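A short worksheet on the structure shown next.
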Amino acid sequence: QVQLVESGGGLVQAGGSLRLSCAASGSIFSINEMSWYRQPPGKQRELVAVVTSGGRTHYDDSVKGRFTISRDNAKNTVYLQMNSLKPEDTAVYYCNQEVATTGWDKHIDYWGKGTLVTVSS
């Protein structure tokens, strides 16, 4: 079994910064993509940023130039540095990691429980 635990959410004023972390633990053989999603109040979950096992990154247009995704493979951890935060960034942020638990298994998606980010104007 694999567990993902997010941390780093909270309340911040517009223009401020937060750093989210998501650590995977349990039976882990390898991890492919690591991603951050968010779900604003009353809206659907949306992709924010992705980092591949090779270190390539992809960002939603709404966060380009403000957010940076990174990963520490030794710690099975993905980070999201969020700068110049705006009220519209307010959401529950979810971590997703594609994990294989053995060398024979496919990589499957695991999700964290989410961490709330609130940006006040």
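The values are calculated or read from the model by the stated rules, or taken from the named source; none is laboratory data. This structure is a prediction, so every number in the text was calculated from the model and none was measured. Every residue, glycine among them, receives a Cβ derived from its backbone with ideal geometry; neighbour counts consider all protein chains shown. Areas reflect the complete protein model, heavy atoms only, side chains present, ligands, DNA and RNA absent. Shrake-Rupley method; radii C 1.70, N 1.55, O 1.52, S 1.80 Å.
Odds and ends about this structure:
- The fraction of accessible area contributed by carbon and sulfur in segment 2-121 is 48 percent, rounded to a whole number (1.4 Å probe; ligands and nucleic acids excluded).
- Residue 74-residue 39 FRET efficiency (beta carbon distance; Förster radius 22 Å; 0.05 resolution): 0.15
- Residue with peak Gaussian network fluctuation, the chain [Cα springs, cutoff 10 Å], from 32, 73, 96: 73
- Per residue, in Å², the accessible surface of the chain once ligands and nucleic acids are set aside, probe 1.4 Å: 54 Å²
- Longest to shortest principal axis, alpha-carbon extents of segment 49-121, angstrom: 49, 25, 21
- For residue 83, the shell of other residues with beta-carbons less than 10 Å away shows a net charge of +2, using +1 for Lys and Arg and -1 for Asp and Glu.
- For the listed residue pairs 43/64; 64/106; 43/113, the alpha carbons are over 25 angstrom apart in 64/106.
- Paramagnetic reach from residue 105 in segment 21-56 [backbone N under 19 Å; point 7 Å along Cα→Cβ]: 23-35, 53
- Surrounding net charge for residue 108, when Lys and Arg each add one and Asp and Glu each subtract one, Cβ distance under 14 Å: -3
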